[in-house]
Amino acid sequence: MTKREDSNGLILVNKPRGLTSHDVVNYVRKKLNTKRVGHAGTLDPQAEGLLIILVGRYTKFFSRFVDFDKEYQGIMKLGEATTTGDAQGEVVKRESVENLKESAVKEVFPSFVGEIEQVPPMVSAIRIGGKRLYKLARRGIVVERPPRKVKIYDLKILKIELPFVEFYVRCSKGTYVRKLAEDIGEKLGCGAHITSIIRTAVGPFTLREAVNLEDISATHLREYTFE
């Protein structure tokens, strides 16, 4: 089959849980029969939601799409910290939240709004010394990671049903929602990990506009002009 190299544009994809962002890229390459496909902003395998897929000449604008702010809805579980910051890891800390008051949770959240520092999790795609952190983590290797400044523009509690807290966050590029949940749990003194992450928006694009993976076709390619 002849490769098509005339496809250009972006596709807003609703990434399902369980697939890597690269899995989605490979799927689109096969579906559209073209090589020049990339994504703008990694979603963890256990995360779901909006993933921007760039096709053809739009891959040249990767950095501009990545620079967009992101929005997420998540659920964290207080009282348990894990090796990966999500439910896939081993529990390394367990504290009772029986006496934790909802008011204490509500008081902590505003302290994370603004410019904050995050130490990237070991299970991430960042390179240290030329090696991906998640590859080192798979081998049981832990290395020092310098903190990075990120911005939390908005952080709201949507529901509290202890030990679970559902929340919304709007943040800058490079923010790890898993790490945000861990840091909130640490500040509360009980630990925490993420049980669900859904990316609901990237810049001007929303999850409502996204197409399910199995429905993707060339008709979903769209144009975008930067202001």
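To keep it simple, each residue is scored yes or no on (1) assigned to a helix (DSSP H, G or I); (2) more than 20 Å from the chain's Cα centre (by Cα).
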{"site": "GLY18", "(1), (2)": "no, no"}
{"site": "THR42", "(1), (2)": "no, no"}
{"site": "PHE62", "(1), (2)": "yes, no"}
{"site": "PHE68", "(1), (2)": "no, no"}
{"site": "GLU71", "(1), (2)": "no, no"}
{"site": "GLN88", "(1), (2)": "no, no"}
{"site": "ASN99", "(1), (2)": "no, yes"}
**Report entry** Of the criteria (1) of a type in the set (A, V, I, L, M, F, W, C); (2) within 14 Å of the chain's Cα centre (by Cα); (3) assigned by TED's automatic domain parsing to the domain that holds ARG208, which one VAL28 fails
**Finding:** (2)
Report task. Tell me which residues, restricted to region 90-112, are farther than 14 Å from PHE164 by Cα, β-branched (Val, Ile, Thr) and in contact with a Leu (Cβ under 9 Å, 6 or more places away or on another chain). Result -> VAL108
Query raised in the report: If you go through region 172-199, how many residues are in a strand (DSSP E or B) and either assigned by TED's automatic domain parsing to the domain that holds TYR58 or charged (D, E, K, R) (or both)?
Result: 1
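Every residue, every condition in (1) surrounded by fewer than 17 Cβ atoms within 10 Å (Cβ to Cβ); (2) touching a residue at least 24 places away in the same chain (Cβ under 8 Å), yes or no:
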residue: SER21; (1), (2): no, yes
residue: LYS30; (1), (2): yes, no
residue: ALA40; (1), (2): no, yes
residue: LEU51; (1), (2): no, yes
residue: THR59; (1), (2): no, no
residue: ILE75; (1), (2): no, yes
residue: VAL97; (1), (2): no, yes
Report summary line: Flagged in region 142-157 as closer than 18 Å to HIS193 by Cβ, in contact with an Asp or Glu (Cβ under 8 Å, 6 or more places away or on another chain) and surrounded by fewer than 13 Cβ atoms within 10 Å (Cβ to Cβ), in numbering order, are none
Query raised in the report: Would you say VAL169 is closer than 27 Å to LEU78 by Cα and buried (at least 16 other Cβ atoms within 10 Å of the Cβ)?
Result: yes
Query raised in the report: For the subset of region 172-200 comprising residues that are surrounded by fewer than 20 Cβ atoms within 10 Å (Cβ to Cβ) and on the phi > 0 side of the Ramachandran plot, which member is modelled with the lowest pLDDT?
Result: GLY174
Query raised in the report: How many residues does region 202-227 hold that are within 19 Å of LEU32 (Cβ to Cβ) and surrounded by fewer than 17 Cβ atoms within 10 Å (Cβ to Cβ)?
Result: 11
Requested in this report: Search region 101-125 for residues being buried (at least 17 other Cβ atoms within 10 Å of the Cβ), among the hydrophobic types (A, V, I, L, M, F, W, C) and assigned to a loop (DSSP other than H, G, I, E, B), and hand back the single one that is modelled with the lowest pLDDT.
Outcome: MET122
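The values are calculated or read from the model by the stated rules, or taken from the named source; none is laboratory data. This is a predicted model, so every value here is computed, not measured. Here Cβ is always computed from backbone atoms with ideal geometry, including for glycine, and neighbour counts include all displayed protein chains.
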